[in-house]
1. Counting only heavy atoms of the protein chains, get the accessible area per residue of the stretch 147-280 (1.4 Å probe) and round it to a whole Å² value.
2. Take H353, project a point 7 Å from its Cα along the Cβ direction, then tell me which residues of the stretch 490-521 have their backbone nitrogen under 14 Å from it.
3. Work out which helices of the chain, taken as complete DSSP H runs, extend at least 20 Å along their axis over the Cα atoms and score a mean Kyte-Doolittle of 0.0 or more, then list them.
4. Between Q274 and D239, what is the label-point separation in nm under the 7 Å Cα-to-beta-carbon projection?
5. For the stretch 332-379, with all protein chains present and a 1.4 Å probe, just round the carbon and sulfur fraction of the accessible area to a whole percent.
6. Can you list the aspartates and glutamates whose alpha carbon sits under 20 Å from that of K250, skipping same-chain ones fewer than 8 residues off?
7. Any idea of the accessible area per residue across the stretch 330-422, 1.4 Å probe, to the nearest Å²?
8. What does the charge dipole of the stretch 415-531 about its Cα centre add up to, to the nearest 20 debye, if the Cβ of each Lys and Arg holds +1 and the Cβ of each Asp and Glu holds -1?
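The values are calculated or read from the model by the stated rules, or taken from the named source; none is laboratory data. Keep in mind that what you see is a predicted model, and the values were worked out from it rather than measured. Reconstructed Cβ throughout: ideal geometry from the backbone, glycine too, with neighbour counts over all protein chains shown. Each accessible area value is taken on the protein alone, full model and side chains, heavy atoms only, with ligands, DNA and RNA left out. Shrake-Rupley method; radii C 1.70, N 1.55, O 1.52, S 1.80 Å.
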Amino acid sequence: MASACSVLCSPILATLLFIVLLLLLWFVWDVIDKQSPQYRAVRQFPGPPVLPLVGTAYHTRGLDPAKTFDAFRRYTQLYGGSYRFWLNTHIFVLNITRCREAEPFLSGVQNTEKSQLYRFLHPFIGVGLLNSSDEKWLQRRRILTPAFHFNILNGFHRTFCEESEQLAAQIDKAQQTDRAGSCIELQSMMSQYTLNTICETSMGVKLDSMHGAKAYRDGIYKVGEMMLIRAVRPWLYLDWTYKWLGYSSKLQTLLKPLHRFTIGIINQRRELFQQGKLDDLTHDRGYDQGNTDSTSFNGKKRYAMLDTLMAAEIEGLIDREGIREEVDTFTFEGHDTTGAALVFVFLTLSWEHDVQERLYQELRQLKDEKSLDDSAHFSPGDLNSLKYFDRVIKECFRLWPPVPFISRRVTEEVALPDGRTIPRDCIAALHIFDMHRDPEQFPDPDRFDPDRFLAENVAKRNPYAYVPFSAGQRNCIGQKYALLEVKTAVAYLVLRYRVLPATKRSEIQLIVDLVLRASTPLKVRFERRSD
């Protein structure tokens, strides 16, 4: 009996001893790891207590997207600015919430490489302009920059106008069933508007000729959730654990309809391209601003983005996989971020009645001066001339940056003016949402005040206090496109409707996602103006 028991206990005892030995070795390695210069440097910044073995990883336990968003904001308040997380010398983060620590990443040519967090996007959008680096990024930027020349953007203005009219038609249709004014769920409506525009303008394909648009929009939200799950769980940073635990196969299932949609766009446009049916957009639709530079990177006429990529393919500057990477990148980035911006612009206008009325009066005055009828649209030049309108949009982007978070890999040690050092291999997470609420740069930061963007007030601030489109080398290539699209829609709808509140500010629960979103639908009411 004793012999049988000893035989049974031996494997159990051996397993326990093995586990204890592993934990002991892990503990010894952890102690040695904390003697590194990286740990000494990052300890200069405040942050949660660093526990043995697990570091600060415990802070993500049990957090959903809403709780994660609140946790980031809470830590910023608790530590009075930027703060650090630590697991080991392979994974440690400085969460930057003040422009003084962000400036070295936005102002120079060093530390422009995106962090390893962007690697999680590779299955979704590949390695395109958003998340590539070095020579590949530089080549893609050179190829794509001409596709965002202002003359081409002015040519897109008609599409923005037409889609704004479609937005109004949807609102009018909703009101036919409710004379008091139906509540409009903003996310789906604005996402449809921006997906229509990016497909027709940059891709050259009308969305009504494509299948899977709704599945694409819905799928992006689910992919965003998958990205968050991985970003806040360090053990999922390893590809083999991500695959072994079943996340990889689930992500691939979600991505199939998204990739079918974008591949369909490419195939449809490729047929027209091969037939030579391209539109030179340099002076299209009558918006020649007097600039005679009508050439692209290769000395030929200027084309929209997808045609530009296909022209580059002929010259051997990009392959089919590269085209798919950029189409996936711009279809997502070009519609989801701008859609989020519009959601929060209209939501804010619904709360700020006086601001909305002053904006309406400025729009109305210009329309009267130009003798435009109610169905007419402002030109791009008109929209750029509206000073108060511009300040309102900027203040909306300050409070609600469509991309609330970007991240860089520290490849060169950063010495800060206060004597602290950001060490190499650190993940520098720039929380634009918090940077835009820095009380030193924006007193009473949660108050909506367009006059923050009067020239005399802008001059008092750090130039990197307001960065809704990032800044420096890696700034958003499509920012002028986005601003023209947003201003076109907002001007048209504000002239046509009063925007009234339906969702209260106190009801909003923001979540961590690829772009700024809320956990529940955000709604407003549109009341047709009679004046």
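1. Values: 6390 Å² over 134 residues.
The answer is 48 Å² per residue.
2. 498-502, by backbone N distance to the label point.
3. Working: long enough: 2-33 (45 Å, 2.09); 65-79 (21 Å, -0.83); 150-176 (39 Å, -0.58); 186-201 (22 Å, -0.04); 213-231 (27 Å, -0.05); 247-274 (39 Å, -0.36); 320-351 (47 Å, 0.12); 353-369 (24 Å, -1.75); 479-496 (26 Å, 0.59).
Going by DSSP H runs, the hits are 2-33, 320-351, 479-496.
4. 3.2 nm
5. On the way: 750 of 1810 Å².
Summing carbon and sulfur atoms, their accessible area is 41 percent of the total for the stretch 332-379.
6. D64, D218, E225, D239, D328, D513
7. That works out to 36 Å² per residue.
8. Details: 19 positive and 15 negative charges, 109 e Å.
Roughly 520 debye, rounded to the nearest 20.
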